[in-house]
Amino acid sequence: MSENLNPKQIAQSQLLKVRPFVEIPEKIFLKLWEPERILKVRFAITIDNNSEALFLGYRSQHCSWIGPLKGGVRYHADVTEDEVVALSMWMTWKCAVMELPYGGGKGGVTFSRDPMLVTPERIEFLKDYFPKKMSRHVLENITRKFTEKIAPLIGPDKDIPAPDVNTDSQIMAWMMDEFSRGVGYTVPAVVTGKPIVLGGSLGRNEATARGTFITAIKALKYTKLLGEEKTVAIQGFGNAGSIAARLFHEAGFKVIAISDSKGGVVNSNGLNPRELEAIKAETGSVINYKDGERLSNEELLTLPCLVLVPAALENVITTKNADDIKAKVVAEAANGPTTPEADEILHANGVFVVPDILANAGGVTVSYYEWIQGREQDYWDENSVNMRLEARMKRAFDKVIAEYEKNTVNMRTAAYIHAVKRVVSAGKLRR
Ligand code: NAD
């Protein structure tokens, strides 16, 4: 039987796995199985070649028992309703792992592939065009339309979007502006990951990668591997991947391989992340870097190294390659990079996984700090943000380790046990 790669069913199977370890009343369990609410929207946009295209957007709200919903918005050709639902479930657990007063939400935008509407050639064109080759003007139109359509669901006390794949601080600024126009006054706390001048937090841009780095070091200390040759391979060179590369490099690691959607480069003597950033900015991809050999995304994952950081998309470590993973620690900056079956293989092979809901929780943690700062109109210096983040990441790591040792499960199930306990106890108290 082929491996199930449906992200929603993967997220549900992860919840199922926790059941023997956490007392969950049936009604509470059933409610956690599906999102509380999901909104699907459509809008037609004139794109850069002057044709009209139909876009679809989603906002999934998984569980609001602990507080308002929180989670990013993704722009990607492969966005589906099930993916957005899975990502919102993972956000519920991530916020709970970090003990943040939020539930999980997530949004995504893609274009319609309805075969009655678009030809295979048109799909190929749109896949290449959306969103990376779009002009700023069209990107802004998409963002404003999507925000207008989901406006009834979002707000500082309801649901607070943030950046994710292919969305950044400029897109958050447009979202904030469009929402504010709708209500008639400026509402900075409706999104996080904003530009600093509009109420963004210092340290937010680096927070996801910083959290991944902090938990990877904790993992190396816990497994007593810190004395080994410090090498790291990173898949994905966007917000999470490029900043993780910088942080590992600054800490004395050899960054031996880096990739983006076009492929990667490898150099066993180490790559310089700053130079790769410059090449990517100049040419659009890290593959044009000269001081290294080309390799594929698949090859990168199985390189011998101390730490592997998947920082791109879901389902990259599967039954097909899990046995070939040679890294000793996998720190999941991406959401959902490892399938449940691959998880079992890594665990059996002694690979220590820092699961996504812990490893990439730095982003939502500093989003929480941004939300607090915005509401109090009192802004913290970067050092203070980073120190709070570090303390919180370390505390969450230790709490997950406590469940890991108590229950002899893998690290993902341990993180789920910690998170699900918290959400279930909130659910029991409320209804
Ligand atoms: P981004 O858009 O800034 O970067 C994504 C990177 O992945 C790019 O370098 C892109 O080229 C690469 N990529 C895309 N498809 C690929 C493929 N098929 N193979 C290899 N590389 C590919 O996005 P990001 O914000 O860095 O997000 C990356 C991951 O981190 C996602 O899973 C996201 O959900 C997760 N994450 C991000 C944040 C955040 O604050 N940005 C927080 C938590 C988790």
>> Cut-off 10 angstrom, C-alpha nodes, Gaussian network model of the chain. Which of Y289, Y369, Y75 fluctuates the most?
In response: Y289
> Regarding the chain, what is the average projected area of its C-alpha convex hull, in nm²?
Replying inline: 20.9 nm²
> Nearest-5 percent of antiparallel DSSP beta bridges in the range 1-116?
Replying inline: 75 percent
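Size of the dipole of the range 122-281 about the Cα centre, Lys and Arg at +1 and Asp and Glu at -1 on the beta carbon, nothing else charged, in debye to 20?
On the way: 22 positive and 17 negative charges, 27 e Å.
The dipole magnitude comes to about 120 debye.
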> Using just the C-alpha positions of the range 245-300 as equal point scatterers, what log10 of I(q)/I(0) does the Debye formula give at each q in 0.15, 0.29, 0.31 1/Å?
Replying inline: -0.35, -1.23, -1.32
> At what distance in angstrom do the alpha carbon centres of the range 40-64 and the range 80-159 lie from each other?
Replying inline: 8 Å
>> Could you tell me how many cubic angstrom of Cα convex hull volume the range 279-318 has per residue?
In response: 102 Å³
> What is the range 34-187's relative contact order, in percent, from Cα pairs under 8 angstrom and six or more apart in sequence?
Replying inline: 26 percent
>> Among A278, N407, G200, which residue has its Cα furthest toward the positive end of the charge dipole of the chain, with +1 on Lys/Arg Cβ and -1 on Asp/Glu Cβ?
In response: N407
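Using only helices, what value at 222 nm comes out for the chain when you add -39,500 (n - 2.57) per DSSP H run of length 4 or more and divide by the total residues, to the nearest 500 deg cm²/dmol? Present the calculation step by step, with values, prior to reporting the outcome.
On the way: 15 runs with 198 residues, N = 431.
Value at 222 nm, helices only: -14500 deg cm²/dmol.
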> Between K132, K326, K70, which gets the highest mean-square fluctuation from a Gaussian network model of the chain, Cα cutoff 10 Å?
Replying inline: K132
> Out of H137, H418, H76, any idea which swings most in a Gaussian network model of the chain, alpha carbons joined below 10 Å?
Replying inline: H137
> Put +1 on the Cβ of each Lys and Arg and -1 on the Cβ of each Asp and Glu in the range 211-267; which of I234, G211, N267 then has its Cα farthest toward the positive end of the dipole?
Replying inline: G211
>> What does DSSP give for the chain in terms of the percent of beta bridges that are antiparallel, rounded to the nearest 5?
In response: 50 percent
> Taking the inverse of the average 1/r across all pairs of different Cα atoms in the range 34-187, what Kirkwood radius in Å do you get?
Replying inline: 15.8 Å
> Which whole-percent values make up P(r) of the range 123-218 when all C-alpha to C-alpha distances are grouped in 5 Å steps starting at zero?
Replying inline: 3, 12, 21, 20, 16, 13, 9, 5, 1, 0
> Dipole of the chain (Lys/Arg Cβ +1, Asp/Glu Cβ -1, origin at the Cα centre): which of L308, T338, G363 lies farthest to the positive side?
Replying inline: G363
>> Charges at C-beta only: +1 for Lys and Arg, -1 for Asp and Glu. How large is the resulting dipole of the chain about its Cα centre, in Debye rounded to 20?
In response: 1100 debye
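If you take the Cα Rg of the range 207-359 and divide it by 2.2 N^0.38 Å, with N the number of residues, what do you get? Write out the running numbers ahead of the final one.
Details: Rg = 13.9 Å, N = 153, 2.2 N^0.38 = 14.9 Å.
Relative to the rule-of-thumb radius for its length, the range 207-359 sits at 0.93.
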> Can you give the % of DSSP beta bridges in the range 63-216 that are antiparallel, to the nearest 5?
Replying inline: 10 percent
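Computed from the coordinates by the stated procedures, all read-outs in this text should not be read as laboratory data. Note that the coordinates shown come from a computational prediction; the quantities given were computed from them, not determined experimentally. Counting neighbours? That spans all protein chains shown, and the Cβs are built from the backbone with ideal geometry, glycine included.
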